[in-house]
Each structure stands twice: as C-alpha cells, then as structure tokens.
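Shown next, in structure tokens, is the structure this report addresses.
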Amino acid sequence: EVQAAGLCRTDLNILASEGGYWPDPPFTLGHEISGVVVALGPGVHTAKVGDPVLVSAVYACGSCGRCRRGRDHECRLMTHVGYGVGLDGGLAQYMVAKAVHLVPLGDLDPRSAAPLGDAAATSYHAVMWGKETLWPGATAAVIGIGGLGGYAVQFLKQLTGASVLAIDNVADRLEFARRYGADELCLFDNDAPAVMREFGHGPIDVVLDFVGSTATLTTALGAIGVGGSVIVA
C-alpha cells in the first residue's frame, strides 16, 4: 500500500514526451515510492506484512556480480525500465514490487521517505563523490537549493567536516537551506563569485551544482582552485 510517492521532473518529462525514448504507455507513473507491505507473493522471506518500506528506484536484478557487490545501478541485466517507467509505479493506492527492491525503513515514517529513493540518493552520491576532500576546515558550496540541493546540504553537514555555503536565486530557498544546516547563504547574482571567494578564504574545495546551466557552471569553475572539484548532479 503506497503511503507516499514523489513527483519527479522525470515524470513530467515522460508526460511531455512525444514518444520514442520512454517506454510506450500505458503504465502508472511514480518511481519515488514508500509504503507498507500488505501482501506477499509465494516464497518471499525477506519481508513481512506490515513492514514499512522504500521501493528502490533502480530496477536491478539483485543477483548478478554487479548487484552482489552493491553496485546495483550498474546491473548488467537492467534495461531502461523500472517502476513508473514502463512498469506500474507508485502514483496509485497499491502497487506490486519485487521483494529484492524493498528497503526496510525501520522507524522512519514512510509518508516522509518517498524522495529518498531517487532525489536524496542523487544528492547522497554527489556528496560521497567529493567526500574524501571534505575534511574539517574544508569548504563546500551548493548551487541550487531545490529538492536535490536541500538534501545535499543535509548530507554535507552529517557526513563531512566541511562548512557549507548555500547558493540560489530565490531567498525563500536559502532560508530553507539555513534551517537544514547551511553555514552561510548567497544569492546567485553578479556578486556570487566574490561571496564564494570570501567564504572559502580563497578557492572553494568542492562545488555541487544542481542547476547545470552555463552561468552556474562558469561560476563553479571559477570558484575552485588546485585540487578543487565541481560535481554536477
């Protein structure tokens, strides 16, 4: 039983598509899914009725060499198909999922967990990509405080020793970043490069760009120095 389902930009892209790239309909959208197990198929021993779970947004086999090494996003058997993309997804009251794709939520309320399957995972991997240089005293800038950037601020504060500068062109989003741990805020305008240099006492160690426009990438590349990184997600 679906308790929550995130609406991703990909869902909107599928709806707007003229066809030929995404799998042909009909199928139910929704790949950021959390809920409660209400029934089990035969031979399932890894979950029980009543379990709160997250449904993986990666439709992997779970048994090939890549999956067994924890690299299920590289599954050799995975095609361009998954829940909400070719297969029925979570924008419904109930859905069917393979047991191998269920992630136990423990005490986490499934009504809050749905975006962890995609949006939060994207931000987590971006932060982990730069984590080895984000020791205490390092500086990180997050450009774009939407869903992905908001998660990135939280992961940076929880998983690294870096000070975090949040950058956006909408003041309300910056206040959101402050509530979730950003050390400093910056409006994205002509003064942003100077603010970034002041925050980093020189170059920024890692810039996470969740916008990916020419303007943000130019600013990001100008903010780093030797050994610095720009991660685009």
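The values are calculated or read from the model by the stated rules, or taken from the named source; none is laboratory data. Note that this is a predicted model, so its numbers are computed, not measured. Virtual Cβ from ideal backbone geometry, glycine too; neighbours counted across all protein chains shown. These accessible areas exclude ligands, DNA and RNA; they are computed on the full protein's heavy atoms, side chains included. Shrake-Rupley method; radii C 1.70, N 1.55, O 1.52, S 1.80 Å.
Cα axis of helix 147-159 to longest principal axis of the chain: angle in degrees, 0 to 90, nearest 10?
Roughly 80 degrees, rounded to the nearest 10.
Relative to the longest principal axis of the C-alpha atoms of the chain, give the angle of the C-alpha long axis of helix 214-223, reported between 0 and 90° and rounded to the nearest 10°.
Approximately 60 degrees, to the nearest ten.
Mind checking which aspartates and glutamates have their Cα closer than 16 Å to the Cα of LYS98? Skip sequence neighbours fewer than 8 apart in that chain.
The reachable aspartates and glutamates, counting only those whose Cα sits under 16 Å from LYS98, are GLU1, GLU32, ASP51, ASP72, ASP88.
Need one number: nm distance between label points at GLN158 and LEU217, each 7 Å from Cα along Cα→Cβ, rounded to one decimal.
Going by the 7 Å Cα→Cβ label model, 3.0 nm.
When the convex hull of the Cα atoms of the chain is projected onto a plane and the area is averaged over all directions, what value comes out in nm²?
The number I arrive at for the chain is 14.6 nm².
Residues of the chain: accessible area per residue at 1.4 Å, in Å²? Don't skip to the end; give the middle numbers.
Numbers: 12790 Å² over 233 residues.
That works out to 55 Å² per residue.
Which of the trypsin sites (Lys or Arg not before Pro) found in segment 1-76 are in a DSSP loop and have at most 14 neighbouring Cβ atoms, other than their own, within 10 Å? Could you put the intermediate results ahead of the total?
Values: sites: ARG9, LYS48, ARG66, ARG68, ARG69, ARG71, ARG76; in loops: LYS48, ARG69, ARG71, ARG76.
Those satisfying the criteria are LYS48, ARG69, ARG71, ARG76.
In the chain, once you exclude exposed chymotrypsin sites (Phe, Trp or Tyr not before Pro) (DSSP loop, at most 14 other Cβ within 10 angstrom), what's the longest stretch remaining? Walk me through the numbers on the way to the answer.
Values: sites that count: TYR21, TYR94.
Here the longest segment lacking exposed loop sites spans 95-233.
Fully extended, how many nm does the chain gain between VAL49 and ARG197 (0.36 nm per residue separation, minus their Cα-Cα distance)?
Length difference between fully extended and current span is 47.9 nm.
Just need log10 I(q)/I(0) for segment 122-198 at q = 0.24 Å⁻¹, Debye formula, equal scatterers on the alpha-carbon atoms, no solvent, rounded to two decimals.
For segment 122-198, the Cα-only Debye profile gives -1.09.
At LEU77 and ALA99, where each label point lies 7 Å from the Cα along Cα→Cβ, what is the point-to-point distance in nanometres?
If labels sit at LEU77 and ALA99, their model points lie 1.5 nm apart.
Go through LEU12, GLY130, LEU40 and say which Cα lies farthest out towards the positive end of the charge dipole of the chain; charges sit on Cβ, +1 for Lys and Arg, -1 for Asp and Glu.
About the Cα centre, the residue reaching furthest to the positive side is LEU40.
With point charges of +1 on the Cβ of Lys and Arg and -1 on the Cβ of Asp and Glu, referenced to the Cα centre of the chain, which listed residue (SER112, LEU148, LEU159) lies farthest in the positive direction of the dipole?
The Cα lying farthest towards the positive end belongs to LEU159.
Once you have the alpha carbon radius of gyration of segment 14-97, what is it after dividing by 2.2 N^0.38 Å, with N set to its residue count?
1.20
For the chain, with all protein chains present and a 1.4 Å probe, just round the carbon and sulfur fraction of the accessible area to a whole percent.
Its accessible area is 54 percent carbon and sulfur atoms.
Using label points projected 7 Å from each Cα along Cα→Cβ, tell me how many nm separate GLU132 and ASP107, to one decimal.
Distance between label points: 3.5 nm.
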